[in-house]
1. What does the accessible area of residue 155 come to, in Å² to the nearest 10, when a probe of 1.4 Å is used?
2. Between segment 138-185 and segment 69-99, how many Å separate their Cα centres?
3. Apply the Karplus curve 6.51 cos²θ - 1.76 cosθ + 1.60, θ = phi - 60°, to the phi angles in segment 175-187 and return the couplings in whole Hz, x for Gly and Pro.
4. Provide, for q = 0.12, 0.23, 0.25 Å⁻¹, the log10 of I(q)/I(0) from a solvent-free Debye sum over equal Cα point scatterers in segment 89-167.
5. I need the calculated FRET efficiency for the pair residue 136 and residue 28, taking r as the beta carbon distance and R₀ as 45 Å, to the nearest 0.05.
6. Output wanted: per-residue J couplings in Hz (rounded whole) for segment 59-69, from phi through Karplus 6.51 cos²θ - 1.76 cosθ + 1.60, θ = phi - 60°, x for Gly and Pro.
7. With no solvent and one point on each alpha carbon, what is the Debye value of log10 I(q)/I(0) for segment 14-82 at q = 0.11, 0.15, 0.26 Å⁻¹?
8. How much mean residue ellipticity at 222 nm does the chain get from its helices, if each DSSP H run of length 4 or more adds -39500 (n - 2.57) and you divide by all residues, to the nearest 500 deg cm²/dmol?
Amino acid sequence: VRNIGGYVKAGLAPLPDRLPDLRLTGNLRADVIAQGPVSFPWQPSWRAAAAYRFSPTLSAKLIVGRAFQVPSAVLNFARPGYGTIGNIVGVANVPGADPLRPQSVTSLQAAVSARLFGNFALEAEVYYQDVKDRIEFVRYGSNYRAANQGDAKQVGLAGVLRFVRRPLSLYLSGNVLRDIVDGRLSD
């Protein structure tokens, strides 16, 4: 397995006198990846964020970016044989199968964090993501193999409520994710 890439990151406080609690960050990464005889085209990733602390107990951030995930070597080269059913068969071992492409996601996220009553913290976010070349398992006889299954657009809402009193830390979290199909939220 070979992964060659470059990465650059920058961060700044653009208005230190007028908005001292505003922070901007960004990064860019590019990778070229090969797994034995299987190689993938260069994969760019990037992320930009703006964060603002309204008070010592309340902050918000906005994040936009693109990330990728190449198929693992297992998805490409696994050989069946452990047991008789339910094995993963690598796509490179399936005659006539389309090679796997990396999946990528472009996303937009808005989040807010608040500390409450000294020991509690509440974090909430809403997000949108557009997944390209989604990788999923499909049946291959009595086994499974991975395949690119098109694109998916989704919106979500996530939240975490934390209670922290050293050395104890408890949290309750939830996430709701809905697909967007033909421009509408799915049931």
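The values are calculated or read from the model by the stated rules, or taken from the named source; none is laboratory data. Predicted, not measured: the structure shown is a model, and the values here were computed from it. Cβ atoms come from the backbone with ideal geometry, glycine included; neighbour counts cover every protein chain shown. Remember, those area values only see protein heavy atoms, side chains included, never the ligands or the DNA or RNA. Shrake-Rupley method; radii C 1.70, N 1.55, O 1.52, S 1.80 Å.
1. So the heavy atoms of residue 155 present about 40 Å² to solvent.
2. Going from one Cα centre to the other spans 24 Å.
3. 8, 10, 10, 10, 7, 9, 10, 6, x, 10, 5, 6, 7
4. Taking Cα atoms of segment 89-167 as identical point scatterers yields -0.59, -1.01, -1.09.
5. In this case the efficiency is close to 0.95.
6. 9, 9, 8, 10, 10, 10, x, 9, 9, 9, 9
7. Relative scattering, expressed as log10 I(q)/I(0), comes to -0.51, -0.68, -1.12.
8. -500 deg cm²/dmol
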